[in-house]
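Each remark here refers to the structure printed beneath this line.
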Amino acid sequence: MTGPTGQIYRVDWLPGTDLLHGTCHCGAEHTAHDPVEMWEWMLAHPDGHTLRGNER
């Protein structure tokens, strides 16, 4: 997904699991079972997440 300013959001499925791994345009990362939870986390930028390596 690309935001209005050309920001890139990436969601990958982790093979062999039921997990999704998302990376926000700011570099923050998050893992979730639920796709809705993942998109809500991404679109809440910058509220709701921190920089890479500090998952919430």
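If you take the residues in the range 36-54 that are open to solvent by 100 Å² or more (accessible area, probe 1.4 Å) and of a type outside the set (Lys, Arg), which one is modelled with the highest pLDDT?
So in the range 36-54, the residues open to solvent by 100 Å² or more (accessible area, probe 1.4 Å) come out as 40, 43, 47, 51-52.
Checking the rest, the ones that are also of a type outside the set (Lys, Arg) come to 40, 43, 47, 51.
Working: Glu40: 88, Leu43: 83, Asp47: 73, Leu51: 52.
Per the stated criteria, the residue is Glu40.
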Some residue of the range 3-20 being open to solvent by less than 40 Å² (accessible area, probe 1.4 Å), modelled with pLDDT of 90 or more and not in a loop (DSSP other than H, G, I, E, B): yes
Failed item in (1) open to solvent by 60 Å² or more (accessible area, probe 1.4 Å); (2) modelled with pLDDT of 90 or more; (3) of a type outside the set (A, V, I, L, M, F, W, C); (4) within 11 Å of the chain's Cα centre (by Cα), with His33 passing the rest: (4)
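The values are calculated or read from the model by the stated rules, or taken from the named source; none is laboratory data. Please read these numbers as outputs of a predicted model, since none were measured by experiment. Please note that ligands, DNA and RNA were not included when accessible areas were found on the heavy atoms of the full protein model with its side chains. Shrake-Rupley method; radii C 1.70, N 1.55, O 1.52, S 1.80 Å.
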